[in-house]
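The values are calculated or read from the model by the stated rules, or taken from the named source; none is laboratory data. A quick note: this is a predicted structure, and the numbers were derived from the prediction, not measured. In this analysis, Cβ positions are derived from the backbone assuming ideal geometry, glycine residues included, and neighbour counts consider all displayed protein chains.
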Amino acid sequence: MKEPGADSLVGLAPVIDARTRLIVLGSFPGVASLKAQQYYGHPRNHFWPILGAIWGIDLAALAYPARLAAILEHGVGLWDVYASCRREGSLDSAIEEPVLNDLASLTLRAPALRAIAHNGGESARAMQHTRALGLPVLRLPSTSPANASWSFERKLEAWRAAIEAHT
């Protein structure tokens, strides 16, 4: 696997355990997420509110460790397709020199894994790698605030269908 360059940004560790049935793969953390060292750390990202609405929990109000515990309890894990990259700002379109995470290891890291969900189009570019694992692979609408063409309600509907079908 290619090593990140000296000026590359490095992503977050996976949030996966033996109960993980659905892994949500983002592209790479944005500036706010990297600064906070938290997945979906931008306050306008819909990820936590969407999962909270599905499960009837105000995930956004919980401390980050409690959010992670809640998703793992519900069989959902988190990771990104890119381990590192160069990028100015937070937009996926600005990603340069991306280095893939070891996606082939997903079934070893999460033996109960039933499906893989890509959060947005940039993540979905790695579908050739995730499909090779022989599991259902979904492309979900990005929860990013940059995905303004999808309303919260429309995102929620798509995400609810995926979560309910695979966890």
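Some observations on this one:
- Applying the set (1) of a type in the set (A, V, I, L, M, F, W, C); (2) surrounded by 13 or more Cβ atoms within 10 Å (Cβ to Cβ); (3) modelled with pLDDT under 95 to residue 15 leaves exactly one unmet item: (3).
- Residue check, residue 44 in a helix (DSSP H, G or I) and charged (D, E, K, R): no
- Answer residue from the stretch 104-119, given it is surrounded by fewer than 20 Cβ atoms within 10 Å (Cβ to Cβ) and either touching a residue at least 40 places away in the same chain (Cβ under 8 Å) or small (Gly, Ala, Ser) (or both) and is farthest from residue 74 (Cα to Cα) among those: 104
- Subset of the stretch 136-152 (residues that are of a type in the set (A, V, I, L, M) and either without any contact (Cβ under 8 Å) to a residue 12 or more places away in the chain or surrounded by fewer than 18 Cβ atoms within 10 Å (Cβ to Cβ) (or both)): 146, 148
- Any hit, the stretch 119-131, residues being at positive phi and at pLDDT 95 or above: yes
- In the stretch 13-44, the residue that is farthest from residue 142 (Cα to Cα) out of those that are hydrophobic (A, V, I, L, M, F, W, C) and over 12 Å from the mean Cα position of the chain (by Cα) is 18.
- Selection of the stretch 93-113 for residues being among the charged types (D, E, K, R) and farther than 19 Å from residue 125 by Cβ yields only 109.
- Residue match in the stretch 1-10 (condition: under 18 Å from residue 106 (Cα atoms), of a type outside the set (D, E, K, R) and touching a residue at least 12 places away in the same chain (Cβ under 8 Å)): yes
- Within the option set 158, 162, being more than 18 Å from residue 14 (Cα to Cα) and either in contact with a helix residue (DSSP H, G or I) (Cβ under 6 Å, 6 or more places away or on another chain) or without any contact (Cβ under 8 Å) to a residue 60 or more places away in the chain (or both) holds for one residue only, 158.
- Residues within the stretch 83-103 that are crowded, with 20+ Cβ neighbours inside 10 Å and within 21 Å of residue 48 (Cα to Cα), tallied: 1
- Yes/no for residue 50 being surrounded by fewer than 21 Cβ atoms within 10 Å (Cβ to Cβ), at pLDDT 95 or above and among the β-branched types (Val, Ile, Thr): no
- Residues of the stretch 86-111 satisfying the condition of being within 18 Å of residue 15 (Cβ to Cβ) and in contact with an Asp or Glu (Cβ under 9 Å, 6 or more places away or on another chain): 101, 109, 110
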